[in-house]
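Report on the following structure.
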There are 2 protein chains.
Amino acid sequence: MGQVLAETVPAARLAILSGPSFAADVARGLPTAVTLAVADPGHGRALAEQLSGRNFRIYWTDDLIGTQLGGAVKNVLAIAAGIVDGRELGASAHAALVTRGFAELRRFSEAMGARTETLMGLSGLGDLLLTCGSTQSRNMSLGRALGQGQRLEDYLGSRRSVAEGVYTAAAVVSRAAQLNVDMPIASAVHAIVEGKLTVDAAIEALLSRPLKPEA
Amino acid sequence: MGQVLAETVPAARLAILSGPSFAADVARGLPTAVTLAVADPGHGRALAEQLSGRNFRIYWTDDLIGTQLGGAVKNVLAIAAGIVDGRELGASAHAALVTRGFAELRRFSEAMGARTETLMGLSGLGDLLLTCGSTQSRNMSLGRALGQGQRLEDYLGSRRSVAEGVYTAAAVVSRAAQLNVDMPIASAVHAIVEGKLTVDAAIEALLSRPLKPEA
């Protein structure tokens, strides 16, 4: 979106706010910490100081790419985390999935120009944790329905809200192929929502990958 | 423990298994992925291949320090995450706490000689996520009780299980001071379990730290 806005509103000074922040938590005044990405650090500091409140803490950065990619890619991984929950694969499998998914998010985003520190921060890891840990997330709920055996069309047909991750999965998988980045989890999500792979076959494929060193 | 064993059983070839794995999940045969730390990579591969099963996947590494520290420090952070839950501060605050806590875990462990990749893997981030995301964790349960206003002695007196994080907090805070590593969350946990800080004062102190850039 930053690139689109730079083309369409070239005079605007972009500031991108992202991070783990359910609207209901912010509205109730519960403690929240988020990332604000602004190209000029002085501008970032000024905005952060003006917009922060006692319980709404803004950390600024000049990494616009990393801040945006964390918020986008996490929606794809949340569908995968939802599938694990819907299939009742257990909390250990969920933690492993999110950890390996975060490695995919990092590989992809770094190849796109993001900085590691941003991805490990609030708009990356933080938002991933919130989204994958809560049923309030639309993408998790979609994944959970798929894991329980519902068909995508039936699920989407019954709601008015949009699960962004369905569309982001296609974009991410296509870009990852161009960049030669391996994303087995995102690819499995894409194949499942495209109807090209069953949930069981996807799980089987992920579990039968060759054993290897961790890093 | 690796250093203790190297001194006391010098002939042993150490292998350290750690990662997000509730015993109940493993016993039920649910998918689990863990880290095995062995100094010699060939030995690591051989052990991983012998010990892995279809649903129990072992990734090997030669980072013994990082593998051990992730499993230790996460218990301290789980107490903090439990306090956030017990105080009903919301899912957004919980995600922010775990994210900033993970930054402390990394700073501390890297200063101790751990590799970043290990900390971002199953025995680091993965175990942190599992422990901070589930009430099955003893440290989370302890934190939750503290967040709800119970006294530490009353809580510990009513159970037979040990919440390791209470003891690890003291060790980590002391070592972090020697290494000049800033760990505000771990320090707050230590002060709370020592009875030197109330939960409310700890939250107030964390929320009133100066605003700053994210990285």
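The values are calculated or read from the model by the stated rules, or taken from the named source; none is laboratory data. What you see is a predicted model; the values in this text were computed from it and never measured. When we count neighbours, we look across all protein chains shown, and the Cβ atoms used for this are built from the backbone with ideal geometry, even at glycine. The accessibility values were calculated without ligands, DNA or RNA, using every heavy atom of the protein model including side chains. Shrake-Rupley method; radii C 1.70, N 1.55, O 1.52, S 1.80 Å.
Listed values, structure above:
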read-out: Positive-end residue, the range A:1-134 charge dipole about Cα centroid, Cβ charges, pick of A:5, A:22, A:78; value: A:22
read-out: Cβ-Cβ FRET estimate between residue B:170 and residue B:211, R0 fixed at 35 Å, reported to 0.05; value: 0.70
read-out: Cα-centred dipole magnitude for the range A:1-73, charges only on beta-carbon of K, R (+1) and D, E (-1), debye, nearest 20; value: 300
read-out: Selection from A:143, A:98, A:173 lying farthest towards where the dipole of the range A:68-215 points positive, charges on Cβ; value: A:173
read-out: Principal-axis tilt of helix B:41-51 within chain B, Cα atoms, nearest 10 degrees; value: 90
read-out: Dimensions (Å) - the range B:57-215, Cα atoms, principal axes, largest first; value: 42, 40, 30
read-out: Between 0 and 90°, nearest 10: helix B:184-193 axis offset from chain B longest Cα axis; value: 70
read-out: Relative contact order %, the range A:1-65, counting alpha carbon pairs below 8 Å whose residues are six or more apart; value: 31
read-out: Stokes-Einstein D (µm²/s) once Rh is taken as the Kirkwood radius of the range B:144-215 over alpha-carbon pairs, at 25 °C in 0.890 mPa s; value: 180
read-out: Residues losing 50 Å² or more accessible surface upon assembly, the range B:180-215, compared with the chain by itself, 1.4 Å; value: B:207, B:211, B:212, B:214
read-out: Rg and Dmax [Cα atoms of the range B:2-61; Å; Rg one decimal, Dmax integer]; value: 12.8, 37
read-out: Solvent-accessible heavy-atom area per residue, rounded to whole Å², over the range B:90-215 at 1.4 Å; value: 45
read-out: Buried area at the B-A interface (accessible, heavy atoms, 1.4 Å probe, summed, Å²); value: 4600
read-out: Mean separation of Cα contacts under 8 Å (6+ apart) over length of chain B, as relative contact order %; value: 21
read-out: Three principal axis lengths of the range A:50-150 [C-alpha, angstrom, descending]; value: 46, 34, 22
read-out: At 7 Å out from Cα toward Cβ: residue A:158 inter-copy label distances (nm, ascending); value: 3.9
read-out: Apportionment of accessible area to carbon and sulfur, the protein assembly as shown, percent (1.4 Å); value: 53
read-out: Two-decimal Rg/Rh across the protein assembly as shown, once Rg and the Kirkwood Rh are taken from alpha-carbon atoms; value: 0.96
read-out: Peptide-level mean, for A:133-145, of C-beta atoms on other protein chains within 10 Å; value: 1
read-out: Average partner coverage of A:22-29, which counts Cβ from other chains inside 10 Å; value: 3
read-out: Solution diffusion estimate, µm²/s, Stokes-Einstein, the range B:116-158, Kirkwood Rh from C-alpha pairs, 10 °C, viscosity 1.306 mPa s; value: 137
read-out: Across the identical copies, how the residue A:41 labels are spaced - nm, sorted shortest first, 7 Å along Cα→Cβ; value: 3.7
read-out: Relative contact order (percent, whole number), the range B:134-215, Cα cutoff 8 Å, 6+ residue spacing; value: 22
read-out: Principal axis box of the range A:97-186, alpha-carbon based, largest edge first, Å; value: 39, 27, 21
read-out: Student exercise, chain A dipole from Lys, Arg, Asp, Glu Cβ charges, in Debye to nearest 20; value: 260
read-out: Over chain B: helical MRE at 222 nm, DSSP H runs n ≥ 4 each giving -39500 (n - 2.57), nearest 500; value: -17500 deg cm²/dmol
read-out: Pairwise FRET efficiency - residue B:201 versus residue A:3, Cβ, R0 = 51 Å, nearest 0.05; value: 0.65
read-out: Residue closest to axis [chain A; rotation mapping onto B; Cβ; Å]; value: A:133, 3
read-out: Separation between Cα centres of the range A:8-83 and the range B:26-48, rounded to whole Å; value: 38
read-out: For the range A:1-48, accessible area per residue (1.4 Å probe, heavy atoms of protein chains only), Å²; value: 55
read-out: Cα shape, the range A:1-113, gyration tensor, a/c 1.5 rule; value: oblate
